[in-house]
Amino acid sequence: MSIKLDFIVVNWNNKKGLFPCLKAIFNQSKKPGKVIVVDNGSIDGSAEMVERMFPKVKLIRFHKNLGLCAATNIGFMNTVAEFVAMVEHDAVISRNWSEEVLKAFSKEKDVAVVSPWVLQKTKRGYVDVGLQGTYLPMVNGISAIRANILRNNGQLIYDDDYFAYAQEQEFS
């Protein structure tokens, strides 16, 4: 049986960024399991674009912005795979991202979270927005988790008391 990696993307009024994000997820060298977009009441046509351009996506729509944390948890409750990725709606992952993440989980059975380096595209090229090579065991906005650790303990990803921001430190 093939190892599956489900994806959660939370969106709020980012149609422009969401399209390349989803395109990159579906163009992975290791095909994704379920891809879930939780839309937080967007009024920019994001949800309609997902329905039209990405029919394989499970779209969960809300009429108001629940916040990143609550929306991520709702997405998580709709996943089934052993591994779940959280990708921010303005991120574009590399073609082999899933493959490398799953390889890391396979090598280290005790690892619960994989958070690859994040590069930001600028006018002069790509810039490492991580800690310039410093190791820090912290979740970032583009991470994958061994989901059964949370499911087996009746937990969700984020504390719903957080709306957005600081949730990554709290989870870590």
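Please treat every number below as a calculation from the coordinates, not as lab data. What you see is a predicted model; the values in this text were computed from it and never measured. As a convention, Cβ positions derive from the backbone with ideal geometry for all residues, glycine included, and neighbour counts pool all protein chains shown.
Things to note:
- Potential extension, residue 81-residue 3 segment - 0.36 nm per residue separation minus Cα distance: 27.3 nm
- Charge tally for residue 79 (other residues, Cβ to Cβ under 11 Å; Lys, Arg +1; Asp, Glu -1): +2.
- Residues whose amide H lies under 5 Å from that of residue 61, counting only those 5 or more places away or on a different chain, are 39; hydrogens are built 1.01 Å from N in the peptide plane.
- Distance violations [Cα-Cα > 24 Å] among 16/56; 31/56; 30/64: 30/64
- Taking all C-alpha pairs of the range 1-87, those more than 20 Å from each other amount to 27 percent.
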